[in-house]
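Novice: There's a structure below that I have some questions on.
The values are calculated or read from the model by the stated rules, or taken from the named source; none is laboratory data. Just so we're clear, the structure is a prediction, and the values are computed from it rather than from any experiment. In this analysis, Cβ positions are derived from the backbone assuming ideal geometry, glycine residues included, and neighbour counts consider all displayed protein chains.
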Amino acid sequence: MSLRNQGIRDTRVLAAMERIPRELFVPELFSEQAYADQSLPLECGQTISQPYVVAFMTEKLKVNDRCKVLEVGTGSGYQAAILSRLCLRVYTIERYRTLLRGAEKRFEKLRLTNITSMVADGNKGWPQQAPFDRIMVTAAAKVMPMELIEQLKDDGIMVLPLENDTGEQELVRVTRHADEYEVEYLLPVRFVPLVDGVAKEL
């Protein structure tokens with residue numbers, strides 16, 4: 001089923017997803033399933049989200065070509081690559097060096113020169129580059145990440161999966177208004193958890 005048929009209406013988002021070859025961002029073992037509407041496993045126990053969820057989150061982020069965007073959870077780099085086609089600059093954080101190295105090679109191959117990446121604790125954001133117009137979190141937080149909200153500009157938007165009291169996850173959109181923020185609940189989802197710290201890898 002096409003993304004249009006699933007309700008994605010933003011033509012810029014649809015065009016960006018058509019321009020980024022998803023098969024480059026999935027493990028070779030799953031290359032034949034690259035365009036199936038399902039999440040797929042990555043190294044380090046992580047996943048690449050299904051195309052519909054990527055499109056939905058990107059649409060709800062309301063990105064324009066003047067936006068400075070922070071992504072928490074680089075993974076394979078697919079979401080950052082999509083965002084790079086829509087905004088001025090993407091800053092992306094990953095806690096696994098292995099994943100980030102692979103993502104950086106893909107960015108280089110596709111000549112995506114407006115992405116800056118680093119290995120760090122995503123919960124802390126990127127204060128040296130704050131404030132951001134938009135923030136996207138691709139791992140589920142147990143509580144609202146206030147450090148990230150504080151790195152949003154006034155009227156800035158963050159989209160993230162948030163765990164509720166029953167342990168289920170909902171995709172939410174947070175809009176900052178000065179010292180307050182507004183939360184909209186969008187969609188039930190299933191993401192890997194947002195974990196503190198930088199991963200220790202062998």
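Novice: Among the residues of the range 95-134, write down those that are farther than 22 Å from GLN46 by Cβ and aromatic (Phe, Trp, Tyr).
Specialist: Of everything in the range 95-134, just one residue is farther than 22 Å from GLN46 by Cβ and aromatic (Phe, Trp, Tyr), namely PHE132.
Residues checked against (1) of a type in the set (A, V, I, L, M, F, W, C); (2) touching a Leu at 6+ places or on another chain (Cβ under 9 Å):
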position	(1), (2)
LYS142	no, yes
MET146	yes, no
ILE157	yes, yes
LEU160	yes, yes
ASP165	no, no
THR175	no, yes
GLU184	no, no
VAL189	yes, yes
VAL195	yes, no
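Residue by residue, here is whether (1) in contact with a strand residue (DSSP E or B) (Cβ under 7 Å, 6 or more places away or on another chain); (2) in contact (Cβ under 8 Å) with a residue 12 or more places away in the chain holds:
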residue	(1), (2)
TYR96	no, yes
ARG111	no, no
GLY122	yes, yes
LEU148	yes, yes
THR166	no, no
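Novice: Another question, then. Can you find, within the range 42-69, the residue that is modelled with the highest pLDDT among those that are surrounded by 14 or more Cβ atoms within 10 Å (Cβ to Cβ) and of a type in the set (Gly, Ala, Ser)?
Specialist: ALA55
Novice: Then there's this: Determine whether LEU112 is out of contact with any Ser or Thr (no Cβ under 7 Å at 6 or more places or on another chain) and among the aliphatic types (A, V, I, L, M).
Specialist: Considered against the rule, which asks whether it is out of contact with any Ser or Thr (no Cβ under 7 Å at 6 or more places or on another chain) and among the aliphatic types (A, V, I, L, M), LEU112 comes out as no.
Novice: (1) of a type in the set (S, T, N, Q); (2) within 17 Å of LEU186 (Cα to Cα); (3) free of Cβ contacts under 8 Å to residues at least 60 places away in the same chain: which one isn't true of THR138, the others all being true?
Specialist: (3)
Novice: Restricting to the range 22-41, and then to whatever is closer than 19 Å to SER84 by Cβ and in contact (Cβ under 8 Å) with a residue 24 or more places away in the chain, can you tell me which residue is surrounded by the most Cβ atoms within 10 Å (Cβ to Cβ)?
Specialist: Restricting to residues being closer than 19 Å to SER84 by Cβ and in contact (Cβ under 8 Å) with a residue 24 or more places away in the chain, the top hit is PHE25.
Here is a yes/no grid of residues against (1) farther than 25 Å from LEU24 by Cα; (2) modelled with pLDDT under 95; (3) out of contact with any Gly (no Cβ under 7 Å at 6 or more places or on another chain):
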site: LEU110; (1), (2), (3): no, no, yes
site: GLN128; (1), (2), (3): yes, no, yes
site: ILE149; (1), (2), (3): yes, no, yes
site: LYS200; (1), (2), (3): yes, yes, yes
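Novice: Restricting to the range 42-54, name every residue that is touching a residue at least 40 places away in the same chain (Cβ under 8 Å) and under 21 Å from LEU160 (Cβ atoms).
Specialist: The answer is LEU42, CYS44, GLY45, GLN46, THR47, SER49, PRO51, TYR52, VAL53.
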